[in-house]
Amino acid sequence: MMKRQIGKEQKENDIAKIILDRYPQSYERAKKVAKLLEKELKTEEISLDELAFLTTHIERLTRSIEEKNQ
C-alpha cells in the first residue's frame, strides 16, 4: 500500500465502495489511520481504493480480537 501511495501507483478496485459500506466502523478507523499516514509520509490524500484496503485489514484484525475474547 505505501509503495503505491508514495509511487503514485494506483490499482483499480471495483469493490471498494461495497467494502466501505459494509464495514462502517472499520472504515472510520481506516480514515484515522490514513490521516496519520498522510501526515507521516507527507503525501497526498490516500485514495478510496487504499482506504478499502486498510478497512479490510482493520476488519480482519477486529474480528480476530473479538473471537479471541469470546
**Request:** Rounding to the nearest 20 debye, state how big the charge dipole of the range 11-50 is about its Cα centre with +1 on each Lys and Arg Cβ and -1 on each Asp and Glu Cβ.
**Result:** 240
**Fill in**
the range 18-43 scanned against label point 7 Å out from GLU66 along Cα→C-beta; backbone N under 17 Å for 19-30
**Complete:** Karplus-derived 3J(HN,Hα) from phi for the range 36-41 (6.51 cos²θ - 1.76 cosθ + 1.60, θ = phi - 60°), whole Hz, x at Gly and Pro, runs 5, 5, 4, 5, 5, 8
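No lab work stands behind these numbers, since they all come straight from the coordinates. Since this is a predicted model, take the numbers as computed values, not measurements. In this analysis, Cβ positions are derived from the backbone assuming ideal geometry, glycine residues included, and neighbour counts consider all displayed protein chains.
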